[in-house]
Structure formats: structure tokens, C-alpha cells
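Step one of this worksheet: look at the structure below.
Please treat every number below as a calculation from the coordinates, not as lab data. Keep in mind it's a predicted model, so treat the numbers as computed, not measured. FYI the Cβ positions are ideal-geometry reconstructions off the backbone, even for glycines, and counts take in every protein chain you see.
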């Protein structure tokens, strides 16, 4: 596996919880970060499973990659409907 891909997957251990925390705080940044993370994860998994993996046919990795891709598409499609319920950048949401 290329070093850049290992760095990417390792960085998810920081960015995934950050996105979850921001979403728990109802921050728009969490939604945007989540969209970017899921979409980039789908691409990275696709690269790992279709370019680097020489196995033919359906593998568990390819099933997982398909699942992540579906999640990414659903989140990106839902983002415009969810965004109005989140706090905008620069506002803490603590004051009316």
C-alpha cells in the first residue's frame, strides 16, 4: 500500500471523530467535513480495492467500498436539507 494512502487512512482516526463532535454540536462544519471525509474515503477505498487489490470478482473490501460510496452519496444528497438545522460558521449558537 502506498505511503500516502496509509497516511490518509491514519488521518481518519483524527478527522472522523472531529466530524462526529462537530455534528454533535450541530455545527455546519461537521456536515461539510463529513461529506468530504465520506466522499474521499469512498475514492481511497475504490483505489485500494480496484487498483491495488489483484483479486478478481467480489471481495469483502469491495462490498465495504460500495457501502461507503452509498453512504457518501446519501449524505451529500441530504446535506442541503440538513444544513438549515445546523449552526453557521462564526456563531456558537449559544445566544438567540
### Query
Where does the chain land at 222 nm, in deg cm²/dmol rounded to the nearest 500, when only DSSP H runs of n ≥ 4 count, each adding -39500 (n - 2.57), divided by all residues?
-23000 deg cm²/dmol
### Task
Compute the separation of the alpha-carbon centres of region 52-70 and region 22-48 and state it in Å as a whole number.
19
## Note on the structure
To the nearest 10 degrees, the tilt of helix 60-82 (Cα long axis) against the first principal axis of the alpha carbons of the chain is 20
#### Entry: Max mean-square fluctuation residue, GNM over the chain, Cα-Cα springs under 10 Å, options 54, 44, 79
54
## Note on the structure
Ranked from fewest to most other Cβ atoms within 10 Å of their own Cβ, 8, 50 fall in the order 50, 8
## Note on the structure
Per GNM of the chain with C-alpha springs under 10 angstrom, the most fluctuating residue out of 62, 26, 81 is 81
### Task
With a cut-off of 14 Å, note down the residues of region 1-18 whose backbone N falls inside the zone around a label point 7 Å from the Cα of residue 47 toward its beta carbon.
1-12
